[in-house]
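Worksheet: one structure, shown below.
The values are calculated or read from the model by the stated rules, or taken from the named source; none is laboratory data. A quick note: this is a predicted structure, and the numbers were derived from the prediction, not measured. Cβ placement follows ideal geometry from the backbone for every residue including glycine, while neighbour counts extend to all protein chains displayed. Accessible surface is based on the protein model in full, side chains and every heavy atom, while ligands, DNA and RNA are left aside. Shrake-Rupley method; radii C 1.70, N 1.55, O 1.52, S 1.80 Å.
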Amino acid sequence: MRSVLNTGLHASSHTDAPVALPNLMQVAWATVNRTSRSGVVIGPDERVTPHEAMKMLTLWGAEQFGEGAEKGSIEVGKRADFVVLSENPVTIDPAQINKIVVNETIKDGKSVWKRS
C-alpha cells in the first residue's frame, strides 16, 4: 500500500468477504502492521499509518466508487452513515487496532444497531 500512496494515488482497503470475515478493524490492523498470524512482518516498507488506513476505509473508498460527494467523510450535506468505535484507531497502539469493536451503527442519521 505504501508504494501506491507514494505515487500520489489514493488506495482503498477492503475485505474478501465472504472468504474472510468482514471485520474492517482487522483489515486496518493488517494494513498498518502487516504482521502474519505467526508474528512475521511481511513487507514492512509497505506499511501505512493508522490515519491513512482510516482514509482507505472511508474517504478514499467512497472516492473510488464515485460516491465521494455523498459518502466517506462526516460533512454537512453528506449522508450520515458511520459507526461509533470502542477506541480511536488513529491514537490507539497500532498493534491493538484489531481489538476495536463497533459500538453503534448510524445509517442516514439514525441508529440502526447498538452493542448491548
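Data overview
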read-out	value
Candidate set: region 1-26, residues that are touching a helix residue (DSSP H, G or I) at 6+ places or on another chain (Cβ under 7 Å), assigned to a helix (DSSP H, G or I) and without any contact (Cβ under 8 Å) to a residue 60 or more places away in the chain; chosen: the one nearest to N103 (Cα to Cα)	L24
Some residue of region 33-45 being touching a strand residue (DSSP E or B) at 6+ places or on another chain (Cβ under 7 Å), surrounded by 14 or more Cβ atoms within 10 Å (Cβ to Cβ) and polar (S, T, N, Q)	yes
Pick from region 55-82, criterion among the β-branched types (V, I, T) and open to solvent by 70 Å² or more (accessible area, probe 1.4 Å), ranking: farthest from A28 (Cα to Cα)	V76
Enumeration of residues in region 63-116 that are part of a loop (DSSP other than H, G, I, E, B) and of a type in the set (A, V, I, L, M, F, W, C)	F65, A69, I74, V76, A80, V90, I92, I100, V101
